[in-house]
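The values are calculated or read from the model by the stated rules, or taken from the named source; none is laboratory data. In this text, all values refer to a predicted model and were calculated from it rather than measured experimentally. All Cβ positions, glycine included, derive from the backbone under ideal geometry; neighbour counts span all protein chains shown. Ligands, DNA and RNA are excluded from the accessible area calculation, which covers all protein heavy atoms including side chains. Shrake-Rupley method; radii C 1.70, N 1.55, O 1.52, S 1.80 Å.
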Amino acid sequence: MVLEASMIVVDNSESSRNGDYVPSRWEAQADAVNLIFSAKTGANPESSVGLMSMGGNTPEILTTLTTDIGKILDGLHRTKIKGSSHFSTGINVAALALKHRQNKSQKQRIIVFTCSPIEEDEKSLIKLSKRMKKTGISIDIISFGELGEETTKKLEAFSENCQSAEGSYLAVVQPSANLLSDSLITTPILGGDGSASGAGATGSGGEGGESGGPSFEFGVDPSVDPELALALRMSFEEEKARQEKDKKAKEAADGKSELEQIAEGDEKQPLLDDEGQPSGSGSKDRKDKDDPDKMDTA
């Protein structure tokens, strides 16, 4: 699994008070942060995750890179909802935090939640995106809430210019009966195939579909038990691969047995007769010789 240092940037602007996500946009982010932390550290125990906010007067680092979920939860608990969002500044601060990571072998990734309009123009965002790509930082963006066409266009342009070998993704999650974390679990951001319910993923992750049903994948709510949900997905993929392998092996075996059943030449005549003796002309001569009732004409 990839060894990563990930900075999660949450949107604690006034827009996060909105209740179009259950129970609110801010609480939905908190649940999703918990899920992302579990996924990252579960994939590689040496991966670390940090937390910062980009709302209020200025972005603030809440928790430096850590493997302790308690510190992440404490940072979320201390966060206050206020002010407006500072998208570009938040990414710059997150990049600076990643630069000072202790383990330099860790890949760098920033995961940004945004649910408020972006004030920066598209040109400056593209410039920032290219600079992040040049420094080797992958950026995943989770856009949720009704942001409008202009903001979505800016995010798409930013994501397109930040593509790298490690992959940068944009997940657009529309309001639905599902939890935000439930919609994220099948996106490329958490290692899924992009077929998220109620979410769309762009970049190298492709397009996702929509689903209005409140059912959870494999019957497990990922916000309640993210580790179990991730384990069930991995088990499902392994079982699917095993079944495909068994199917191919069976087809190959069936083809071989059909060839073995084809008779060649004298193989139509059984090797043994009804009495268990070798069949053929030799057995008939031996039977005549052993018959005591046969007259001797010599």
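Could you please give the count of residues in segment 15-60 that are among the acidic types (Asp, Glu), in contact (Cβ under 8 Å) with a residue 24 or more places away in the chain and in a strand (DSSP E or B)?
Residues in segment 15-60 being among the acidic types (Asp, Glu), in contact (Cβ under 8 Å) with a residue 24 or more places away in the chain and in a strand (DSSP E or B): 0 in total.
Given (1) farther than 20 Å from Arg131 by Cβ; (2) touching a strand residue (DSSP E or B) at 6+ places or on another chain (Cβ under 6 Å); (3) in a loop (DSSP other than H, G, I, E, B), where does Ile72 come up short, assuming only one miss?
(3)
If I ask for residues that are basic (Lys, Arg) and surrounded by fewer than 18 Cβ atoms within 10 Å (Cβ to Cβ), which ones from segment 132-157 would you list?
Lys133, Lys134, Lys153
Looking at segment 48-66, which of the residues that are among the polar types (S, T, N, Q) and farther than 20 Å from Ala171 by Cβ is surrounded by the most Cβ atoms within 10 Å (Cβ to Cβ)?
Ser48
Rundown of residues vs (1) modelled with pLDDT of 95 or more; (2) within 25 Å of the chain's Cα centre (by Cα); (3) under 17 Å from Leu190 (Cβ atoms), yes/no style:
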position: Tyr21; (1), (2), (3): no, yes, no
position: Glu27; (1), (2), (3): no, yes, no
position: Ala30; (1), (2), (3): no, yes, yes
position: Ser38; (1), (2), (3): no, yes, yes
position: Met52; (1), (2), (3): yes, yes, no
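Can you name every residue in segment 120-131 that is surrounded by 15 or more Cβ atoms within 10 Å (Cβ to Cβ) and under 27 Å from Ile81 (Cβ atoms)?
If the condition is that a residue be surrounded by 15 or more Cβ atoms within 10 Å (Cβ to Cβ) and under 27 Å from Ile81 (Cβ atoms), then Glu120, Leu125, Leu128 are the ones that fit.
Going through Gly194, Gly198, Gly219 one at a time, which residue ends up being open to solvent by 30 Å² or more (accessible area, probe 1.4 Å), modelled with pLDDT under 70 and on the phi > 0 side of the Ramachandran plot? Show your work before the answer.
Values: Gly194 fails: open to solvent by 30 Å² or more (accessible area, probe 1.4 Å); Gly198 fails: open to solvent by 30 Å² or more (accessible area, probe 1.4 Å).
On inspection, the qualifying residue turns out to be Gly219.
If a residue has to be part of a strand (DSSP E or B) and hydroxyl-bearing (Ser, Thr, Tyr) to count, how many in segment 136-151 make the cut?
Number satisfying all stated conditions: 2.
Among the residues of segment 128-155, how many are touching a Gly at 6+ places or on another chain (Cβ under 9 Å) and touching a residue at least 40 places away in the same chain (Cβ under 8 Å)?
Number satisfying all stated conditions: 1.
Can you name the residue in segment 102-119 that is in contact with a helix residue (DSSP H, G or I) (Cβ under 6 Å, 6 or more places away or on another chain) and assigned to a loop (DSSP other than H, G, I, E, B) and, of all such residues, is surrounded by the most Cβ atoms within 10 Å (Cβ to Cβ)?
Applying the filter and picking the extreme gives Cys115.
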